[in-house]
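A short write-up of the structure that comes next.
The values are calculated or read from the model by the stated rules, or taken from the named source; none is laboratory data. These numbers were taken from a predicted model, which means no experiment stands behind them. For neighbour counting, all protein chains shown are included, and Cβ atoms are generated from backbone atoms with ideal geometry for every residue, glycine included.
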Amino acid sequence: MERRTIGYVAAVEGAQATVVLSPEAYGDVAVGAMVVIPSPRSMVFGLVQTLATPAPGETASPHDRHLVQLALLGESPGPETEAFCFQRGVSHSPRLGATARLAESADLARIYAKPTKSSVAVGALHQDPDVPAYVVVDDFLGKHFAVLGTTGSGKSCTVAVLLRSVLTAHRDGHIVLLDPHDEYAAAFGDMAELVTPDNLSLPYWLLDFEELTQVFCSAGQPYREVEANILKDCVMTAKAEYLRGGAGGSVDEAGLTIDTPVPYRLARVAELLKVGMGKLDKPESSIPYLRLTTRIDALRRDRRFAFMFGQLTIEDVMGELLARYLRLPGGGRPMTIFNLAGVPAEIVDVVVSVLCRLIFDFALWTRRGQGVPVLLVCEEAHRYVPRDGAVAFAPTRRALSRIAKEGRKYGVSLGLVTQRPSEISETVLSQVNTLFALRMSNEQDQLFVRRAMPENAAGLLSALPALRTQEAVAVGEGVPVPMRIRLRDLTAEERPQSDTARFSEVWSAPCNDKGFIADTLDRWRRQVR
């Protein structure tokens, strides 16, 4: 195979090499190009990271000394005449003076060839649109992934491309997507079960103690701790009474805890609060009881919370809910999209906490070999696992952190999507093994992503501020080789509803139709989207 010589190796340091560019190759080499350095022991491949002229003259000249900095990606052991077998890492570093050549399309096709493991195409290489870009399904899903990029860089479309590509090849998947902005329902159509506040069911008795405290108790001390202790006693009593009534299935009352997910009657909790309040001698001691009673009554009457407190009968529907939300079986819809846009802001963190905890605990307690792997995709992840733990809802942060650290052992994988990587928990992001980094202009975000990268990809990351929409840098175990890719096109029916408002178009004509105002106010007051 004839390859164009571009120069010779002048320096090697770790996973980087410096090539002196020949005058004949001046103008032919660009950042992101692939270079091959052959030797008797291996063929080493590297990406052009920087181009420089150390001592430029008054005018540009090919005869000036030009340097090319390479980030070494991998090699094919043996000389060029032996069978090609690309592998990551470099065991035989290039020698000084070795010839550097520009890789051809055939080289790229072999380096980025379809992996032997199960894989799906998600786009094409930036260097050569004719070479498909693949992700390895098991490593991509099984070891967590993240999609990072500034607003407008195409995060939602990237998520749609990745998940659609996987589901097209694996129609019996099990994906749960938390959608805080109602973007993804349009992107997946009949592939997804859409859960909105209107058809969401998440009974209050599924809450653990921390979540109960968040929902029912006052925000500040000293009342919060006092109310939490009172509430705990009443809930424990209500649970025990329900079990004694024979409706608890196989749950043993002796092993009952405040966190055991068994039904109980909230009306009975309210009765126990009134009984406890009646036993008090001092009127001021009844304040915590009054606060709890008032809060319970308000939540039961508020139709916005009907998905949690509106059940007319108390039944153990935990199995049915998990089967529906985890798509067991899928019934042709392998994904569940939770539209959180209409969930009251004061309880949305609790809803996310309960869902994440249920998914992990269900996998944890399933016998090995009987369960199915589940992917949890968390949009706007910095809201739920922020870097600053003081501003996070502790149960939600803990649930997602647990999935990030231990989920792989039990078949629960995590997909994080965020526009502010520097604001997400570094501990959680460090557990992610595949990153799709889109355009990023914020220096703090870029620095954070560089630290989180699972391998050397500095040359690719330098392109982050200049990436176009629909382009991404993909690195990690889920891709065969670190690469800059252009994601495949989505049809109008496959695109999420996340387009920016068209100011220039709408502002070009007066708004004479005010009919939408009454409709908006009606939806606002009825809390119906």
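Points worth noting:
- Residue match in the range 125-136 (condition: buried (at least 23 other Cβ atoms within 10 Å of the Cβ), of a type outside the set (A, V, I, L, M, F, W, C) and in contact with a helix residue (DSSP H, G or I) (Cβ under 8 Å, 6 or more places away or on another chain)): no
- Look at the range 329-347: where a residue is over 23 Å from residue 497 (Cα atoms) and a partner is in a strand (DSSP E or B), sitting 6+ places away or on another chain with Cβ atoms under 9 Å, you get 330/193; 331/193.
- Residue check for residue 250: small (Gly, Ala, Ser), closer than 30 Å to residue 326 by Cβ, at pLDDT 90 or above and surrounded by fewer than 18 Cβ atoms within 10 Å (Cβ to Cβ): no
- Residue 187 over 20 Å from residue 313 (Cα atoms), aliphatic (A, V, I, L, M), part of a helix (DSSP H, G or I) and assigned by TED's automatic domain parsing to the domain that holds residue 160: yes
- Filtering the range 482-529 to residues that are modelled with pLDDT of 80 or more, of a type in the set (Lys, Arg) and touching a helix residue (DSSP H, G or I) at 6+ places or on another chain (Cβ under 8 Å) leaves 484, 488, 495.
- Boolean, residue 51 is in contact with a helix residue (DSSP H, G or I) (Cβ under 6 Å, 6 or more places away or on another chain), surrounded by 12 or more Cβ atoms within 10 Å (Cβ to Cβ) and not assigned by TED's automatic domain parsing to the domain that holds residue 157: no
- Breaking point among (1) within 29 Å of residue 326 (Cα to Cα); (2) over 20 Å from the mean Cα position of the chain (by Cα); (3) surrounded by 18 or more Cβ atoms within 10 Å (Cβ to Cβ); (4) of a type in the set (Gly, Ala, Ser), for residue 192: (2)
- Test for residue 348: is it in contact with a helix residue (DSSP H, G or I) (Cβ under 7 Å, 6 or more places away or on another chain), of a type outside the set (Gly, Ala, Ser) and under 24 Å from residue 188 (Cβ atoms): no
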